[in-house]
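Heads up, the thing below is written out as structure tokens.
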Amino acid sequence: MPDNTPLVQLLQALGGGVAGGLTRTLVQPFDVIKIRFQMQVEPVGKHGYESKYQGLLHAFRSIYKEEGLRGIWRGHNSGQVLSITYAVVQFWSYEQLRVKAHKMPFFDDRPLLLYFVCGGLAGCLGTVAAQPFDVIRTQVVAADPTSKRSRMSSLRGVHFVHSTEGLRGLSRGLVFTLAQIFPLVGANFLIYKYLNALVLFIVKKSNPDHNIPGPCLFVNGALAGVSSKLLVYPADLMKKRMQLHGFHQDRQTFGRNPICPTAKQCFMTTLKGEGISGFYKGVSPTLLKSGLSSAFYFTFYDYINRYVIHPMQDREEQRLKEEKAKSAAPKKAGWT
């Protein structure tokens, strides 16, 4: 498998960015609910009468009543910067890692392992690039609607957190993020590619072009997103709570604040105060968001791949072959 040309790599990065941006617009409300649930120390459920949010529908109604439609999409701008940055780096690096791995017999003979490792590494690279924007997005969504922090832009937020807490503030929760992102994204790619291969095996006689129908891509992406997210959800919750540390004064209307200055203390206080179920607060909107996000994410990118990147890749490979053939052809003797 030849290396991707610079033009193809650019298209892969742009395709990832477009897929990430479109997906973020569609799933942002579920992300808002997830973060609000994760930050809530009180129980989430119909028996939590003193809780700010008592369930998924109750949370949507409460946010709309108190903050309007804007509140449901709170943090969307910072979320877009996060998603596009992450998707550009993730899809670009995945494609380059996949090409390199196919040249290694060990991985070429084990395609499922190839998908898992390349996907996991690409997810980690995308996470490192987007981590500062993830911190800002979390703080914007989790802050009181009337606070200045809830209206921070991505760049202004990065500058503010860096000036008050330094690089440590911008990288808060990164260890938890990387601990969950490798198996999460690796499993996401593995399950999605496996399901796609299964679909191709079933419909191969009636599908000579090996193009998977859009609805199948969507369903496979949703199943991959839900199943992989279930594996790592507690780490995501602890990461979000650690990112909350340092601005409790901007969260006076949401009830008690979780105490999470360090990973160990976050784990112990959550376990002691809320039990095992505390590590799964917000799991319902998270699974909805993860399923939809993964479904749109993969479907958008695969369609861009099918109709834009692959045709360009074929043309580039043909051009390189022709140039190589011309350079290898013997030159005719000229007049002397």
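The values are calculated or read from the model by the stated rules, or taken from the named source; none is laboratory data. Because the structure is a prediction, the values reported are computed rather than measured. Neighbour counts are summed over all protein chains in view; Cβ atoms, including those assigned to glycine, are modelled from backbone coordinates with ideal geometry. Heavy atoms of the whole protein, side chains included, go into the accessibility calculation; ligands, DNA and RNA do not. Shrake-Rupley method; radii C 1.70, N 1.55, O 1.52, S 1.80 Å.
Count, please, the residues in region 65-109 that happen to be open to solvent by 60 Å² or more (accessible area, probe 1.4 Å) and out of contact with any helix residue (DSSP H, G or I) (no Cβ under 6 Å at 6 or more places or on another chain). Break it down into steps so the answer makes sense when it comes.
Here is the first cut: in region 65-109, the residues open to solvent by 60 Å² or more (accessible area, probe 1.4 Å) are 65-66, 69-70, 73, 77, 84, 92, 100, 103-106, 108-109.
When the remaining residues are screened for being out of contact with any helix residue (DSSP H, G or I) (no Cβ under 6 Å at 6 or more places or on another chain), the result is 65-66, 69-70, 77, 100, 103-106, 109.
Result for region 65-109: 11.
Considering every residue within region 23-34, establish whether at least one is touching a helix residue (DSSP H, G or I) at 6+ places or on another chain (Cβ under 9 Å), open to solvent by 20 Å² or more (accessible area, probe 1.4 Å) and within 30 Å of Pro311 (Cα to Cα). Spell out how you get there, then give the answer.
Just the residues of region 23-34 that are touching a helix residue (DSSP H, G or I) at 6+ places or on another chain (Cβ under 9 Å), to begin with: 23-34.
Okay, now just the ones that are also open to solvent by 20 Å² or more (accessible area, probe 1.4 Å), so 25-26, 30.
Now drop any that are not within 30 Å of Pro311 (Cα to Cα), which leaves 25-26.
Among the residues of region 23-34, at least one is touching a helix residue (DSSP H, G or I) at 6+ places or on another chain (Cβ under 9 Å), open to solvent by 20 Å² or more (accessible area, probe 1.4 Å) and within 30 Å of Pro311 (Cα to Cα), which makes the answer yes.
In region 148-188, what residues are in a helix (DSSP H, G or I) and of a type in the set (Ser, Thr, Tyr)? Break it down stepwise before answering.
Of region 148-188, the ones in a helix (DSSP H, G or I) are 148-151, 154-170, 174-188.
Those that are in a helix (DSSP H, G or I) and of a type in the set (Ser, Thr, Tyr): Ser150, Ser154, Ser163, Thr164, Thr177.
Quick one: is Val219 modelled with pLDDT of 80 or more, open to solvent by 50 Å² or more (accessible area, probe 1.4 Å) and out of contact with any strand residue (DSSP E or B) (no Cβ under 7 Å at 6 or more places or on another chain)?
Details: modelled with pLDDT of 80 or more: yes; open to solvent by 50 Å² or more (accessible area, probe 1.4 Å): yes; out of contact with any strand residue (DSSP E or B) (no Cβ under 7 Å at 6 or more places or on another chain): yes.
Considered against the rule, which asks whether it is modelled with pLDDT of 80 or more, open to solvent by 50 Å² or more (accessible area, probe 1.4 Å) and out of contact with any strand residue (DSSP E or B) (no Cβ under 7 Å at 6 or more places or on another chain), Val219 comes out as yes.
Determine which single condition Asn211 fails, assuming it passes every other condition in (1) modelled with pLDDT under 90; (2) among the polar types (S, T, N, Q); (3) assigned to a helix (DSSP H, G or I).
For Asn211, the exception is condition (3).
Among residues belonging to region 268-284 that are small (Gly, Ala, Ser) and assigned to a helix (DSSP H, G or I), point out the one that is nearest to Gln38 (Cα to Cα).
Going residue by residue through region 268-284, those that are small (Gly, Ala, Ser) are 273, 275, 277-278, 282, 284.
Next, only the ones that are assigned to a helix (DSSP H, G or I) stay: 273, 277-278, 284.
Working: Gly273: 14, Ser277: 11, Gly278: 9, Ser284: 11 Å.
Among residues in region 268-284 that are small (Gly, Ala, Ser) and assigned to a helix (DSSP H, G or I), the one nearest to Gln38 (Cα to Cα) is Gly278.
Among the residues of region 44-64, write down those that are open to solvent by 30 Å² or more (accessible area, probe 1.4 Å) and free of Cβ contacts under 8 Å to residues at least 60 places away in the same chain. Spell out the reasoning first.
Taking region 44-64 first, the residues open to solvent by 30 Å² or more (accessible area, probe 1.4 Å) are 44, 46-47, 49-50, 52, 54, 56-58, 60-61, 64.
Matches in region 44-64: Lys46, His47, Tyr49, Gln54, Leu57, His58, Phe60, Arg61, Tyr64.
Does Glu95 fit the bill of being more than 21 Å from Ile35 (Cβ to Cβ) and of a type in the set (Asp, Glu)? Spell out how you get there, then give the answer.
Values: more than 21 Å from Ile35 (Cβ to Cβ): yes; of a type in the set (Asp, Glu): yes.
Here the answer is yes, as Glu95 does meet what is asked.
Would you kindly identify the helices (runs of 4 or more DSSP H) lying entirely within region 47-118 that contain at least 2 residues that are within 25 Å of the chain's Cα centre (by Cα) and at pLDDT 95 or above?
Details: elements: 56-72, 76-102, 105-108.
Because the criterion is at least 2 residues that are within 25 Å of the chain's Cα centre (by Cα) and at pLDDT 95 or above, the helices (runs of 4 or more DSSP H) in region 47-118 that meet it are 76-102.
Determine which single condition Tyr194 fails, assuming it passes every other condition in (1) touching a Ser or Thr at 6+ places or on another chain (Cβ under 9 Å); (2) farther than 24 Å from Ile84 by Cβ.
(1)
Just to be sure before I move on: is Leu14 in contact (Cβ under 8 Å) with a residue 40 or more places away in the chain and either at positive phi or open to solvent by 20 Å² or more (accessible area, probe 1.4 Å) (or both) in the structure I sent? Give the derivation first.
Numbers: in contact (Cβ under 8 Å) with a residue 40 or more places away in the chain: yes; either at positive phi or open to solvent by 20 Å² or more (accessible area, probe 1.4 Å) (or both): yes.
For Leu14, the condition - in contact (Cβ under 8 Å) with a residue 40 or more places away in the chain and either at positive phi or open to solvent by 20 Å² or more (accessible area, probe 1.4 Å) (or both) - is met.
Given (1) modelled with pLDDT of 85 or more; (2) of a type in the set (S, T, N, Q); (3) closer than 23 Å to Phe116 by Cα, identify the lone condition not met by Thr177.
All conditions are met except number (1).
Quick check on this structure: which one of Leu288, Leu292 is at pLDDT 85 or above, open to solvent by 70 Å² or more (accessible area, probe 1.4 Å) and either within 15 Å of the chain's Cα centre (by Cα) or of a type in the set (Ser, Thr, Tyr) (or both)?
On the way: Leu292 fails: open to solvent by 70 Å² or more (accessible area, probe 1.4 Å).
Residue meeting the stated conditions: Leu288.
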